[in-house]
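The values are calculated or read from the model by the stated rules, or taken from the named source; none is laboratory data. What you see is a predicted model, and the numbers here were worked out from it, not measured in a lab. We place every Cβ from the backbone using ideal geometry, glycine too, and count neighbours over all the protein chains shown.
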Amino acid sequence: MADIRGAYDRWSETYDTQQNPTRDLDALVLQRLVPALDGLLTVVEAGAGTGKNTAWLAPRCARLIGLDFSPGMLQVARHRVRSPHVQFLLHDIQQPWPLADASADIVLFNLILEHIESLEPVFCHAARVMRPGARLLISEFHPGRVLEGKGARIDQGEEPGEFVGTFLHLLEEYVVAGSAAGLELESTAEWTVALLGGSTPDADELQPLILSLCFAKRDDVPAA
């Protein structure tokens with residue numbers, strides 16, 4: 001994970017400015033997935049990165065906690081989002097989260113689980129901080145693209161970009177990890193760059209780029 005952390009630290013300087021359809025599509029997917037927050041709910045953003053989604057979420061929720069293990073990414077996020085009800089914490093989400101039991105209404109994973117080898121511990125950490133009835137919303141690089149050898153890559157101009165470590169997680173793995181944490185799968189969807197609009201996408205671009213999943217915490221499952 002140290003190599004992945006270092007890669008994201010280096011990427012933090014250009015992450016928001018380089019061409020990145022996966023990043024842009026994820027932002028739209030999140031806005032489709034997140035229910036009406038009405039300024040009342042507490043959101044935990046696991047893998048907040050540069051705050052690209054935080055900036056959209058912040059005006060809509062009562063409290064937001066962003067977790068990320070990259071100091072470089074969080075430095076950008078803290079500069080971008082300075083709302084008093086938003087807190088950024090330097091933390092590896094594979095370790096127990098520094099948050100109270102049953103304190104979150106929404107937990108988000110966006111383009112981070114592809115860098116996690118084992119899903120179950122992370123799902124359990126998320127479930128512990130979720131209130132009964134809370135939602136876990138996931139938007140991740142599609143496993144079909146990982147099978148093609150694709151993944152997060154730092155743009156370096158005309159040179160081949162630096163590849164960031166990626167693990168393959170099929171849909172079944174997400175379902176098993178969620179079930180082990182006391183979460184029930186409510187829905188899944190596949191998203192293509194066609195959602196971004198613009199020019200007519202080619203055949204490759206019409207292949208799913210992002211897989212999204214929505215889990216709910218059952219009312220009868222106590223915090224782990």
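Where residues in the stretch 99-148 are of a type in the set (S, T, N, Q) and part of a strand (DSSP E or B), which of them is farthest from A189 (Cα to Cα)?
The qualifying residue farthest from A189 (Cα to Cα) is N110.
Tell me, please, whether a residue that is free of Cβ contacts under 8 Å to residues at least 60 places away in the same chain, charged (D, E, K, R), surrounded by fewer than 20 Cβ atoms within 10 Å (Cβ to Cβ) and not in a strand (DSSP E or B) can be found in the stretch 40-59.
For the stretch 40-59, residues free of Cβ contacts under 8 Å to residues at least 60 places away in the same chain, charged (D, E, K, R), surrounded by fewer than 20 Cβ atoms within 10 Å (Cβ to Cβ) and not in a strand (DSSP E or B): absent.
Being outside any helix (DSSP H, G or I) and closer than 18 Å to F123 by Cα: is that true of L67 here?
yes
Please find, within the stretch 138-179, the residue that is modelled with the lowest pLDDT out of those that are more than 26 Å from V43 (Cβ to Cβ) and among the small types (G, A, S).
The residue in question is G157.
Select from the stretch 21-39 the residues that are surrounded by fewer than 17 Cβ atoms within 10 Å (Cβ to Cβ), in contact (Cβ under 8 Å) with a residue 60 or more places away in the chain and assigned to a loop (DSSP other than H, G, I, E, B) and list them in ascending order.
If the condition is that a residue be surrounded by fewer than 17 Cβ atoms within 10 Å (Cβ to Cβ), in contact (Cβ under 8 Å) with a residue 60 or more places away in the chain and assigned to a loop (DSSP other than H, G, I, E, B), then P35 is the only one that fits.
Can you name every residue in the stretch 66-93 that is more than 23 Å from F141 (Cα to Cα) and among the β-branched types (V, I, T)?
Residues satisfying the conditions are V81, V86.
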